[in-house]
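The values are calculated or read from the model by the stated rules, or taken from the named source; none is laboratory data. For clarity, every value in this text was computed on a predicted model and none was experimentally measured. Counting neighbours? That spans all protein chains shown, and the Cβs are built from the backbone with ideal geometry, glycine included. Areas reflect the complete protein model, heavy atoms only, side chains present, ligands, DNA and RNA absent. Shrake-Rupley method; radii C 1.70, N 1.55, O 1.52, S 1.80 Å.
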Amino acid sequence: MKTLKDYLENMFLNLPDTPEVRKAKRELLQMMEDKYTELKNEGKAENEAIGIVISEFGNLEELAENLGIKTYVEEEVVPSEMLSLEDAKEFLKDMVTRSRLIAIGVMLCILSPVPVICIDAFSNTWRGSRNIALLAEVDALFMFLLVAIAVALFIFAGTMTRKWQKIKNHAVGIDFQTTDYVRKQFENVRISHTLHLCIGCMLCILCVVPAIFLDAIFPVGFWYECSGAFMFVSVAIGVYLIVFTGNRNKGYQSLLALNAKGTMGNANVPERAQEVEYTSQVVADIMDVYWQTVTCIYLCISFLTFDWDMTWIIWPVAACVHAIIKTNFRKM
């Protein structure tokens, strides 16, 4: 029976989600179930019964007029290519890897001042050491190294999605079985997504606590000198969690968005799984490169001013701006 229901879902996948279409779908399902039961009572094997039912009721164009949905069927837009379940799994796997690379890259950018702070703390605490003094002269190299690694990760992450341009451009469709799989996987990561966001925001808000704590316990010495580094570590981990889970969710949303809004295929997709659509294409383009732009702004301001102890505030502010734009410019 599940085979028949899945087949019916695919038949109505691209039809508009209207009362007439929903009614026709219920009627056709009842007709298919009645025929299936009749054939089973006659002693037909399950596969044979399913085959007969599909051959009799599987052509929606022939049944459309009797079901009262002829106009909808004639206007149906069927994608030229359907994304397979295996391709969907591979796409989600690539998106998880891409999300992790981007998140690590952002984290490394935020952590870039940490080596400078720690090395300066060593040099101020142990001034007599020649090795520490020599290391202090090249401490900026470690900062630039972290930034260079981050940029390399951004570039590599960008190349991972080139082969999936057809998904980004909505040039393919997605059948009911694949939609059901993606929806279930999305539900499985829902709790993880919430935890990542909560912990990430908490770490960003409480980032100054370790520095205050260390300053209070160690008024002088190494720990006092490098207490600011713990602030960067806290913000870096928090932003990593937020960026990773946000980008990972985009993978699920991109697949589920292949079923156009207002169609039967999109009717059962949870609202939180819907890909965000904006009222302006300009806003959509901006949001596509939002976090990369924030990273560039952060680095430019930080390197120009060298106020690393203050420029970290860009990240929580950017998160607030992101939420405001998303709330005010998304299509309802």
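Things worth noting here:
- Scanning region 36-91 for residues that are open to solvent by 70 Å² or more (accessible area, probe 1.4 Å), assigned to a helix (DSSP H, G or I) and acidic (Asp, Glu) turns up 38, 46, 48, 56, 61, 62, 65, 74, 86, 90.
- Flag if residue 225 is loosely packed, with under 14 Cβ neighbours inside 10 Å and either touching a residue at least 60 places away in the same chain (Cβ under 8 Å) or under 30 Å from residue 8 (Cα atoms) (or both): no
- Condition met for residue 5 (more than 30 Å from residue 233 (Cβ to Cβ) and open to solvent by 70 Å² or more (accessible area, probe 1.4 Å)): yes
- Residue pairs meeting the criteria (Cβ under 6 Å; at least 6 apart or on separate chains; first farther than 15 Å from residue 297 by Cβ, in region 313-332; second open to solvent by 40 Å² or more (accessible area, probe 1.4 Å)): 329/279; 331/277; 331/279
- Selection of region 105-124 for residues being part of a helix (DSSP H, G or I) and under 15 Å from residue 315 (Cα atoms) yields 105, 106, 107, 108, 109, 110, 111.
- Between 152, 148, 133, the distinction of being modelled with pLDDT under 70, open to solvent by 40 Å² or more (accessible area, probe 1.4 Å) and not in a loop (DSSP other than H, G, I, E, B) belongs to 133 only.
- Residue, modelled with the highest pLDDT, within region 155-169, restricted to residues that are open to solvent by 90 Å² or more (accessible area, probe 1.4 Å) and under 17 Å from the mean Cα position of the chain (by Cα): 162
- Put simply, of 51, 128 the only residue that is of a type outside the set (Phe, Trp, Tyr), farther than 30 Å from residue 310 by Cβ and modelled with pLDDT of 80 or more is 51.
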